[in-house]
1. To the nearest 10 degrees, how steep is helix 152-168 against the longest Cα principal axis of the chain, on a 0 to 90 scale?
2. Testing the spin-label approximation: label points 7 Å from Cα along Cα→Cβ at residue 283 and residue 227. State their distance in nm.
3. Take the eigenvalues of the Cα gyration tensor for the stretch 8-177, scale each by 5, and report the square roots as semi-axes in whole Å, largest first.
4. Using only Cα atoms and rounding to the nearest 10 degrees, what angle (0 to 90) does helix 120-142 make with the longest principal axis of the chain?
5. What is the list of residues in the stretch 262-280 whose amide nitrogen lies under 18 Å from a point 7 angstrom out from the Cα of residue 201, following Cα to Cβ?
6. Between the stretch 235-262 and the stretch 58-92, how many Å separate their Cα centres?
7. Assuming R0 = 35 Å, what is the FRET efficiency of residue 248 and residue 151, from their Cβ-Cβ distance, to the nearest 0.05?
8. Expressed as an acute angle from 0 to 90° and rounded to the nearest 10, what is the orientation of the C-alpha long axis of helix 213-224 relative to the principal long axis of the chain?
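Bear in mind these aren't lab numbers, they're just calculated from the coordinates by the rules spelled out. Computed from a predicted model, the values in this text were never measured in an experiment. Here Cβ is always computed from backbone atoms with ideal geometry, including for glycine, and neighbour counts include all displayed protein chains.
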C-alpha cells in the first residue's frame, strides 16, 4: 500500500439493465459497467457480494489488506463492506448479488471462506453450475419477453444458491493454505468471523460451540495449522489494521469496536501481536 491514505469509493447495487434485479453476471473487463462508476477511487467498498471465478491469467488483488491470488480455477468471494482493489485484468466471470436477492440469512452469507483454488470435479461442477446460471441469466435479462419472465428471478435465485452450495463443498483456503475439511474447525472459523469483536478467549468459543477447549484446539491445528488463540488474535489484528488503515477513528474507538473497553489493553494486545503501536501502524499506511 502506498504511503498515503487511499481513496475508497463506494458502489451501490444498481443493475445496469434491470434496476430491480439483485444479481448481475458479467465477463471480467478492465473498463465498462461497474468499473467506470468509481474511476477516481484507489479502493472500493460495495454493499453487495462479488464472486470472481478466474479462467485464464494470473494477478493479485488486495481485499481487506489480504492479498488474494487469481489464477485459473481460483474463486474469490468479496463480502459487502470489505475494502478491496478493483478486480484485476484476468479472464473469468464476476457474479454480483445482494443479500436480499440471495434470499437466506444475511449473516450466514457474510461469513465463511473467502478463497478457493478449484480443480478436478470441484472445478468442473462449479463451472457447470455457472454455465446454467449464466444461460438463464442472459435469457431472463436480455432475451425477448415471454413466459420465462414470470418467475425468472426465482429461478436465478435458486441457481445462484445451488452454485454457492457447490462452492462451499470444495476445499477452501485459509491464509493462503488449503483448509482441511473439518466440521468443528469450520464452525469455529465461522463463529470467529461473526464474534471476534465480542469473544476473545478460546474457552468462550469452546463453550459457545459445545466442545472442549482440547477438541477445539486439535481441530483448529489439523485444519489450519494454527492454534485457536492464533486464529482469534489474527482476526482481531486484521480488523484493527483495516480500521487503522481505512478510517480516521481514534485508537480508543478502534479498540472498543474490537471489544477492548480499556484503550491501554488494546494497545498492549496490538503491540504484542504486531510489534508496532496502533499509531505507528497507522503511520505506515499514511506516510
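1. That helix lies at roughly 40 degrees to the long axis.
2. With each label point 7 Å from Cα toward Cβ, the separation is 3.2 nm.
3. Working: eigenvalues 111, 77, 47 Å².
So the three semi-axes of the stretch 8-177 are 24, 20, 15 Å.
4. Here the helix axis deviates by roughly 60 degrees.
5. Taking a point 7 Å out along Cα→Cβ of residue 201, the residues of the stretch 262-280 whose backbone N falls under 18 Å are 262, 265-266, 269.
6. 24
7. Numbers: r = 47 Å, r/R0 = 1.35.
Efficiency computed from Cβ-Cβ geometry: 0.15.
8. That works out to roughly 50 degrees.
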